[in-house]
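> Here's a structure for you.
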Amino acid sequence: MMKKEICLASNNEGKLLEFRDILSPLGYVVYSPKDLNIDFDPIEDGKDYRENAYIKAKDLFDKVKFDVISDDSGLEIKDLGNFPGLHTARYLKEQGSLKAVLEDLDRRLPKDSKREATFHCCLCLLEKGKDKPLYFEGACPGYLLKEEKGENGFGYDPIFHSYEKDLDFGTARKAEKDRVSHRGKALYRLAFYLSI
C-alpha cells in the first residue's frame, strides 16, 4: 500500500491518536504541527464549528505541502442553552479540572435537570489542487454523569455517558467509543471519502 501523508491541524495527543487509528489502515501517515516543527496557534473566532474547523485547516494548509484535516468540536448542554458549545475546551481549561467543571455545573443546572448533552464535531478537509473545503460531521447524544468514571479517553470523556451503546466514555474501550463518538462518526465519514 502506498504511503499517503496528511496533517492534522491539532497538537492534541488524544485527537491525534484517534485520527491515526482510523486513517492508518487506509495507508495514511498523520502528522501534527508539532511533528513538523510548525508553530500552530490560530485564533478560533468563527461563529460555529464549521468556521473554526476551516480557520485551523487554512492556517496549517499554507505551511505544509500536503492535505490538511482539522477538527472543531464541542459539548452542548441542553438545560444551559447549549453551553459551553464553541467554548468547550476553554471552559475546562478555565475551571482547571473535571471535578471543578462538575461543581460549576451543579450550581448552574436546575435541580431536576436530566443533564442531557450532545457532543458535536465538524472536520474540515483541504486538499492540494482543489478549490473547496469538504466537511464531515458527527454528533453523539447522551448525558453528563454526576462524578468522574474511569480514566479512558480525554477531555470530558470521564463525565459523559452516550445513549448509543449505553457507554460511559471514561470506561469504554477505545474501539467502542470511536463507533459512537461525535469525532468517530465524522472520522468514519472522512475515511469513507478518502477510500473512494
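> Can you spot the lysines whose alpha carbon is less than 20 Å from Lys114's alpha carbon? Ignore those fewer than 8 places along the same chain.
Lys78, Lys99, Lys146, Lys149, Lys165
> How about segment 26-93: which trypsin sites (Lys or Arg not before Pro) there are in a DSSP loop, with at most 11 other Cβ atoms within 10 Å of their Cβ?
When the trypsin sites (Lys or Arg not before Pro) of segment 26-93 are filtered for loop state and at most 11 Cβ neighbours within 10 Å, Lys47, Lys65 remain.
> Using only Cα atoms, find the angle between the long axis of helix 13-23 and the longest principal axis of the chain, and express it within 0 to 90 degrees, rounded to the nearest 10.
Compared with the principal axis, the helix lies near 60 degrees.
> Can I ask one more? Hey, what did segment 102-157 get for relative contact order, percent, Cα under 8 Å, at least 6 apart?
About 34 percent, as a whole number.
> Hand me the GluC sites (Glu not before Pro) from segment 138-195 located in a DSSP loop with no more than 10 other Cβ atoms within 10 Å, in residue order please.
Answer in residue order: Glu147, Glu151.
> Taking Lys128 as the anchor, which lysines have their alpha carbon closer than 19 Å to its alpha carbon, excluding any fewer than eight residues away along the same chain?
Filter leaves Lys3, Lys4, Lys56, Lys58, Lys63, Lys65.
> Can I ask one more? If one takes the longest principal axis of the Cα atoms in the chain, at what angle in degrees, from 0 to 90 and to the nearest 10, does the Cα axis of helix 49-61 lie?
40
> Let me ask something else about it. Can you tell me the length gained on complete extension of the stretch Asp62 to Asp166, counting 0.36 nm per residue apart and subtracting the Cα distance?
The span from Asp62 to Asp166 would gain 33.3 nm if fully extended.
> Still on this structure: Take every Cα pair under 8 Å in segment 1-160 that's 6+ residues apart, average their separations, divide by the length, and report that relative contact order as a whole percent.
Relative contact order comes out at 20 percent.
> Same structure, new question: By how many nm would the segment from Asn152 to Lys99 lengthen if fully extended, with 0.36 nm per residue of separation less the alpha-carbon distance?
17.5 nm
> Also, I was wondering about something else. Mind telling me which of Pro42, Pro25, Pro33 comes out most flexible in a GNM of the chain, alpha-carbon contacts under 10 Å?
In this elastic network of the chain, the residue with the biggest mean-square fluctuation among Pro42, Pro25, Pro33 is Pro25.
> Count charges around Lys15 for me, please; just the other residues with Cβ under 14 Å from its Cβ, Lys/Arg as +1, Asp/Glu as -1.
My count for the surroundings of Lys15 gives -2.
> Now for a separate question. Step through the residues of segment 176-188 one at a time and calculate ³J(HN,Hα) from phi using the Karplus curve (6.51 cos²θ - 1.76 cosθ + 1.60, θ = phi - 60°), rounding each to whole Hz and writing x for Gly and Pro.
With the stated coefficients, segment 176-188 comes to 5, 5, 4, 5, 10, 5, 4, 6, x, 4, 5, 5, 5 Hz.
Computed from the coordinates by the stated procedures, all read-outs in this text should not be read as laboratory data. Keep in mind that this is a model prediction, so the values were computed, not measured. As a convention, Cβ positions derive from the backbone with ideal geometry for all residues, glycine included, and neighbour counts pool all protein chains shown.
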